[in-house]
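Worksheet: the structure to be examined is printed underneath.
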Amino acid sequence: MLIVGLGNPGDRYAQTRHNIGFMVVDQLGERWQLSLNKKGHQAFWGQGRRQAEPVILLKPQTFMNLSGASVASVCKAFGCEPGQLLVVHDDLDLPFGQLRIKQGGGHGGHNGLRHIIKVLGTSDFLRLRLGIGRPGEGEEVVAYVLRAFTAEQKQQVVPLLQRASEAIEAIVDMGVARAMCAFNGQNSIGN
């Protein structure tokens with residue numbers, strides 16, 4: 001399975017809402033003792049196993065809007081079919097702290113997903129959507145997603161990342177259907 005965390009490269013974006021996909025992949029790397037120290041495919045990545053399942057963790061370094069180039073490169077190099085792809089990303093349409101596992105569908109206005117769909121020529125891949133909530137009235141979406149979490153949210157990001165990692169482990173260990181039953185609709189931060 002290819003597990004892709006979406007985000008933007010560089011310290012400027014490291015702790016922003018739009019980079020929560022990177023944060024999850026970093027946490028998985030720690031949990032699975034899988035280093036993302038390989039460079040190539042316009043990304044940082046690592047390869048290993050979860051149980052008996054081969055896994056690749058990927059953080060594209062192309063900036064969000066061009067994520068598909070990196071994903072397509074890895075898919076081609078490793079023979080990864082869309083059904084073996086899981087993309088972890090921020091989602092404005094879910095309240096902060098919620099996560100949802102989803103198979104296929106549109107891009108929902110998310111430019112990283114939009115580019116992946118365009119380059120792969122299909123939307124039939126798995127997503128783990130992480131709720132970041134919507135900006136306040138009059139606040140621009142771009143400014144909102146590229147801003148750091150609030151002080152209160154920062155305390156709640158850790159349990160959200162843990163729950164997201166557990167959801168991915170459930171997908172790999174038990175399959176998509178069982179993972180969806182276990183994780184969809186739950187608020188990951190206890191609110």
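The values are calculated or read from the model by the stated rules, or taken from the named source; none is laboratory data. This is a predicted model, so every value here is computed, not measured. Every residue, glycine among them, receives a Cβ derived from its backbone with ideal geometry; neighbour counts consider all protein chains shown. What goes into the accessible areas is simple: the full protein's heavy atoms, side chains included, and nothing from ligands, DNA or RNA. Shrake-Rupley method; radii C 1.70, N 1.55, O 1.52, S 1.80 Å.
What are the pairs, 6+ residues apart or on separate chains, where a residue within region 156-173 that is in contact (Cβ under 8 Å) with a residue 24 or more places away in the chain has its Cβ under 6 Å from a residue that is part of a helix (DSSP H, G or I) and not small (G, A, S)?
L161/M23; L161/V24; L161/Q27; A164/V24; S165/Q27; S165/L28; S165/R31; A167/F183
With respect to L126, determine if the residue is touching a Gly at 6+ places or on another chain (Cβ under 7 Å) and either at negative phi or basic (K, R) (or both).
no
Determine which member of the set L146, L160 is within 17 Å of Y13 (Cα to Cα), surrounded by 13 or more Cβ atoms within 10 Å (Cβ to Cβ) and touching a Ser or Thr at 6+ places or on another chain (Cβ under 7 Å).
When all the criteria are applied, what remains is L146.
Which pairs do you get when a residue that is open to solvent by less than 10 Å² (accessible area, probe 1.4 Å), found in region 8-35, comes within reach of a residue that is modelled with pLDDT of 95 or more and of a type in the set (K, R), reach meaning Cβ atoms under 6 angstrom, with the pair 6+ apart or on two chains?
V25/K59
Being over 14 Å from the mean Cα position of the chain (by Cα) and among the aromatic types (F, W, Y) is the filter here; which residues of region 66-125 pass it?
Matches in region 66-125: F78, F96.
For region 86-98, check the following and say yes or no: at least one residue is open to solvent by less than 60 Å² (accessible area, probe 1.4 Å), touching a Ser or Thr at 6+ places or on another chain (Cβ under 8 Å), outside any helix (DSSP H, G or I) and at pLDDT below 95.
Yes, region 86-98 contains a residue that is open to solvent by less than 60 Å² (accessible area, probe 1.4 Å), touching a Ser or Thr at 6+ places or on another chain (Cβ under 8 Å), outside any helix (DSSP H, G or I) and at pLDDT below 95.
Among the residues of region 126-143 satisfying the criterion of being under 17 Å from the mean Cα position of the chain (by Cα) and under 22 Å from V4 (Cβ atoms), which is most open to solvent (accessible area, probe 1.4 Å)?
R129
Just to be sure, is V74 open to solvent by less than 10 Å² (accessible area, probe 1.4 Å), touching a residue at least 24 places away in the same chain (Cβ under 8 Å) and closer than 22 Å to A167 by Cα?
Taking the combined requirement at face value, the residue does not satisfy it.
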